[in-house]
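Since the structure comes first, as structure tokens, the remarks are kept for the end.
Laboratory data are not the source of any read-out in this text; all were calculated from the coordinates shown. This structure is a prediction, so every number in the text was calculated from the model and none was measured. Note that we place each Cβ from the backbone using ideal geometry, even for glycine, and neighbour counts take in every protein chain shown.
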Amino acid sequence: MKHRQEGSKLFLKVEQNLNLITAGHIERLGVEADEIHLDLSEARIVDSEGIILLWKLLREGKKVLLWKPPRILHEMISILELKEFLPLEKMTGQPYEEERD
């Protein structure tokens, strides 16, 4: 997973799946961040731990923005009836880009 910090903003690119292991890394990296941008363009699977992570971050008052979340995330949010709490259509971020010199 690639990441960079810009002030209180944390930018991450999830290069595999948003699961228990990845969620733990994101949670540790995001402790000081007020805004977290997650590029999920390469993620194909989001498990329950990924959804729990998003919920936790939002409950902590963090702004969470997603870039190209996989279709499965939309399906899980719908099935679990969490659209009110995790409004994916309002959480659109930007793609992860490497820092420029």
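Quick notes
Yes or no, residue by residue, for (1) more than 13 Å from LEU18 (Cα to Cα); (2) part of a helix (DSSP H, G or I); (3) among the basic types (Lys, Arg):
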position	(1), (2), (3)
LEU66	no, no, no
ILE72	no, yes, no
GLU75	yes, yes, no
GLU81	yes, no, no
LEU86	yes, no, no
TYR96	yes, no, no
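To keep it simple, each residue is scored yes or no on (1) within 18 Å of LYS13 (Cα to Cα); (2) without any contact (Cβ under 8 Å) to a residue 24 or more places away in the chain.
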| residue | (1), (2) |
| --- | --- |
| SER41 | yes, no |
| LYS56 | no, no |
| GLU60 | no, yes |
| VAL64 | yes, no |
| ILE79 | no, yes |
| LYS83 | no, yes |
| LEU86 | no, no |
| THR92 | yes, no |
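- Screening LEU73, LEU66, LEU29, LEU80 for residues that are hydrophobic (A, V, I, L, M, F, W, C), in contact with a helix residue (DSSP H, G or I) (Cβ under 9 Å, 6 or more places away or on another chain) and within 24 Å of GLN5 (Cα to Cα) leaves exactly one candidate, LEU66.
- Count - residues of region 75-92 that are out of contact with any strand residue (DSSP E or B) (no Cβ under 8 Å at 6 or more places or on another chain) and surrounded by 15 or more Cβ atoms within 10 Å (Cβ to Cβ): 3
- Residues of region 5-60 that turn out to be surrounded by fewer than 15 Cβ atoms within 10 Å (Cβ to Cβ) and touching a Phe, Trp or Tyr at 6+ places or on another chain (Cβ under 6 Å), as a count: 0
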